[in-house]
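The structure appears below as structure tokens.
Please treat every number below as a calculation from the coordinates, not as lab data. This is a predicted model, so every value here is computed, not measured. Reconstructed Cβ throughout: ideal geometry from the backbone, glycine too, with neighbour counts over all protein chains shown.
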Amino acid sequence: MTPQQGAADAQGVIALSCGEPAGIGPEIAVKAWDNLRGACPFVWLGDPRALPKGTPWRTVKSPDEARDLAAFALPVLELPFAGAMTPGQADPRNAAGVIQAIKTGVELVQSGQAAALCTAPIHKKALIDGADFAYPGHTEFLAALGDRKRVVMMLASDRLRVVPATIHIALAEVPKALTPAVLRETIEITANGLTQQFGISQPRIAIAGLNPHAGEGGAMGNEELAWINGLLNTMQGEGFTLTGPHPADTLFHAAARARYDAAIAMYHDQALIPIKTLDFDQGVNVTLGLPFIRTSPDHGTAFDIAGQGIANPDSLIAALRMAQTMAKSSQTSFG
């Protein structure tokens, strides 16, 4: 079954993997369910011992059961974990369960039983200690499960979509890591994702410069003149709708954002500072390039406030809503 068929068959039910059970994931899942109810039905994948006391939850055998159940109870596909469930204290014995929740979510989406995957934050050290987790993070693990060599991270909200071409490397290493092949692949994956998962037939993509003022004619760096301009011209000739390279300091104000569907930044902070400034609580992490839809809240496990009932669910709510919107767009364009 193709993802296109699966999204249609699943009728919008999202699979939400539990993430680290000692973090805020279980709490914000319950708050998100209470906020959304049947408007955005999802099934929570994990051990219900992690849920806050008093949570109205019910066991389901498949996401299909969640559509009617979500109006009055949190649908849970139970996955037993081996360790303790103590807020703020990760137990490595739960690592295998956390990993299995992610795998189950991928299986549900790829089999067409769920329309999209949303993932709650994981704690990498607990996964390494408890299960020898061999991936830098969630995204790389999902790429392996989806048999993809390269995926890209998009940070998205109602006001901005932005993709960093390089991510978790030192700033001094960016010019060496940012090659024509890397930027080309980032543009291609972003354009395909905007078409296939967001339903934008001819996406407009703005490219930020690497250097201040996009190099200012070579006065502040020569990457733009040496190869970025040439690559963009070549890809424009291939049919991509691209502009740039633009000075990054004028790329993210409201008038500039109205002229593109997504921006590609050259490094981590160039991308994340504007999205976190515009929508700190409602930014969504979207992985483009996978053979299925994946979103995630743009925050971590927050052990320091876990179990206190004060965690903000807004980013998870936004991630679930965006997954639902993407699934609807994908029914006709994602194959």
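Assorted remarks:
- Positions within region 222-253 being among the hydrophobic types (A, V, I, L, M, F, W, C) and in contact (Cβ under 8 Å) with a residue 12 or more places away in the chain, in sequence order: Trp227, Ile228, Leu231, Leu232, Met235, Phe240, Leu242, Ala248, Leu251, Phe252
- Filtered by the rule that a residue be out of contact with any Lys or Arg (no Cβ under 9 Å at 6 or more places or on another chain) and among the acidic types (Asp, Glu), region 50-79 gives Asp64, Asp68, Glu78.
- In region 118-129, the residues that are more than 15 Å from Gly83 (Cβ to Cβ) form Cβ pairs under 8 Å with partners that are acidic (Asp, Glu), at six or more places apart or across chains, as follows: Ala120/Glu20; Pro121/Glu20.
- Filtered residue count, region 33-69, keeping only those that are in contact (Cβ under 8 Å) with a residue 40 or more places away in the chain and under 18 Å from Ala114 (Cα atoms): 12
- Every condition in (1) outside any helix (DSSP H, G or I); (2) more than 18 Å from Arg257 (Cα to Cα); (3) in contact with a helix residue (DSSP H, G or I) (Cβ under 8 Å, 6 or more places away or on another chain); (4) of a type outside the set (Asp, Glu) holds for Trp227 except the one numbered (1).
- Which listed residue is out of contact with any Phe, Trp or Tyr (no Cβ under 6 Å at 6 or more places or on another chain), crowded, with 18+ Cβ neighbours inside 10 Å and of a type outside the set (S, T, N, Q), from Ala90, Ala131: Ala90
- Residue among Ile205, Ile189, Ile264 that alone is part of a helix (DSSP H, G or I) and under 22 Å from Val151 (Cβ atoms): Ile189
- Selection status of Ile102, under 17 Å from the mean Cα position of the chain (by Cα) and either part of a loop (DSSP other than H, G, I, E, B) or hydroxyl-bearing (Ser, Thr, Tyr) (or both): no
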